[in-house]
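Input: a single structure, listed below in structure tokens.
The values are calculated or read from the model by the stated rules, or taken from the named source; none is laboratory data. These numbers were taken from a predicted model, which means no experiment stands behind them. Using ideal geometry, Cβ is built from the backbone for each residue, glycine included, and neighbour counts are taken over all protein chains shown.
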Amino acid sequence: MKRALAVGLMVLFVSACQLEEQGAQGISHANTVTCSAEREMLGKAVEIYFTLQGENPANEAALVPGYLHTESALMDLDANAAVVPAPGSGCP
């Protein structure tokens, strides 16, 4: 009886560890998708700005509110208006 209980608890523990790992992988994937979407959205805003204004935006703030609702917390623009991860965002 004790052995069956120990085996049952071990199976439960292993299952819980696997679920935790799958959850962490799911969160990581969601973050990657969010970063990609932010990068694409900011890049499109820069393209539209350039098309309409004939020059790159000086900074991300120049895109708000005409091209973006708010500045991105995950992405920034570098000096050449290229989209780059914001410091500390965790985006690749």
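Observations, loosely collected:
- The residues of segment 46-92 that are loosely packed, with under 11 Cβ neighbours inside 10 Å, among the β-branched types (Val, Ile, Thr) and more than 16 Å from residue 35 (Cα to Cα) amount to a single one, 51.
- Checking each residue of segment 4-22 against the condition of being at pLDDT below 95 and in contact with a Cys (Cβ under 8 Å, 6 or more places away or on another chain) gives no match.
- Test: residue 30 is at pLDDT 95 or above and either among the hydrophobic types (A, V, I, L, M, F, W, C) or touching a Ser or Thr at 6+ places or on another chain (Cβ under 7 Å) (or both): no
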